[in-house]
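K.L.:
Please find one structure pasted underneath; my questions will follow.
The values are calculated or read from the model by the stated rules, or taken from the named source; none is laboratory data. In this text the structure is predicted, and so the values were computed from the model without any measurement. Every residue, glycine among them, receives a Cβ derived from its backbone with ideal geometry; neighbour counts consider all protein chains shown.
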Amino acid sequence: MSGDNTKTRTRRKIGVFYSLGPHFLKTLDTIRREFPETEIAIMVPPDYPLSDEERALADHVEETERDHYSPRDVAACLRLVRRIRSERFHTFVVLFDSLQLRCLAALAGAPDRLCCLPQGKLIPLGRSVVGVLVGEVLHRTWGRSVYAALWLLVRLMPVRIK
């Protein structure tokens, strides 16, 4: 018996949440290349037609309760969050950088949260729901301020015709 006290290591688990879009396969391929030793679980809507390539890249396929989730249906959203959290993902990946998906990623309970852009690039997402919401408010405030300044410039600048 050797004096080696190696502990059994658990494989990292990555959850990928499907959203309607053309780059789901590219996302799975990118994750498999970036994290070859991880266990990939994909969460897809009921009756989603998985391709052979998608099945080959995923270790587990889990169906969600619904095809689409709306923030207005709080109970369904809470069930989805509980289910995602119960999987104890090390990394949670969404396909779009939207407010709803940023909040879902923040609520997922995974230490790492990523968004895979259509080009196949993985970008980190915010850490907490509060941080996501504050960032969104600041972003929208900045956008509306720029719009208001441009609106004023267009309406108040005199037009000179030569």
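K.L.:
Could you check segment 116-162 and list, in sequence order, the residues that are modelled with pLDDT of 80 or more, polar (S, T, N, Q) and within 21 Å of residue 14 (Cα to Cα)?
P.N.:
Passing the criteria: only 119.
K.L.:
Right, next: Restricting attention to segment 42-66, report how many residues are assigned to a loop (DSSP other than H, G, I, E, B) and either touching an Asp or Glu at 6+ places or on another chain (Cβ under 9 Å) or of a type in the set (Lys, Arg) (or both).
P.N.:
Just the residues of segment 42-66 that are assigned to a loop (DSSP other than H, G, I, E, B), to begin with: 45-51, 58-59, 64-66.
Still in the running and either touching an Asp or Glu at 6+ places or on another chain (Cβ under 9 Å) or of a type in the set (Lys, Arg) (or both): 45-48, 59, 66.
Summing the residues that are assigned to a loop (DSSP other than H, G, I, E, B) and either touching an Asp or Glu at 6+ places or on another chain (Cβ under 9 Å) or of a type in the set (Lys, Arg) (or both) in segment 42-66 gives 6.
K.L.:
Which one of the conditions (1) outside the structural domain of residue 18 (by TED's automatic domain parsing); (2) surrounded by 15 or more Cβ atoms within 10 Å (Cβ to Cβ); (3) not aromatic (Phe, Trp, Tyr) does residue 57 fail to meet, given that it meets all the rest?
P.N.:
(1)
K.L.:
If you take the residues in segment 66-86 that are hydrophobic (A, V, I, L, M, F, W, C) and surrounded by fewer than 11 Cβ atoms within 10 Å (Cβ to Cβ), which one is modelled with the highest pLDDT? Lay out the reasoning, then the answer.
P.N.:
Taking segment 66-86 and keeping what is hydrophobic (A, V, I, L, M, F, W, C), we get 74-78, 80-81, 84.
Among the residues that remain, those that are also surrounded by fewer than 11 Cβ atoms within 10 Å (Cβ to Cβ) are: 74-75.
Values: 74: 90, 75: 93.
So the residue we want is 75.
K.L.:
For segment 25-41, name all the residues that are acidic (Asp, Glu) and assigned to a strand (DSSP E or B).
P.N.:
Looking only at segment 25-41, we keep the residues that are acidic (Asp, Glu), and these are 29, 34, 37, 39.
Listed by number, the list holds a single entry, 39.
K.L.:
Inside segment 68-138, counting only strands (runs of 3 or more DSSP E) that do not spill past its ends, which hold 2 or more residues that are in contact (Cβ under 8 Å) with a residue 24 or more places away in the chain and under 18 Å from residue 28 (Cβ atoms)? Step through it out loud before you land on a result.
P.N.:
Numbers: elements: 91-94, 112-116, 122-124.
Here the list reads 91-94, 122-124.
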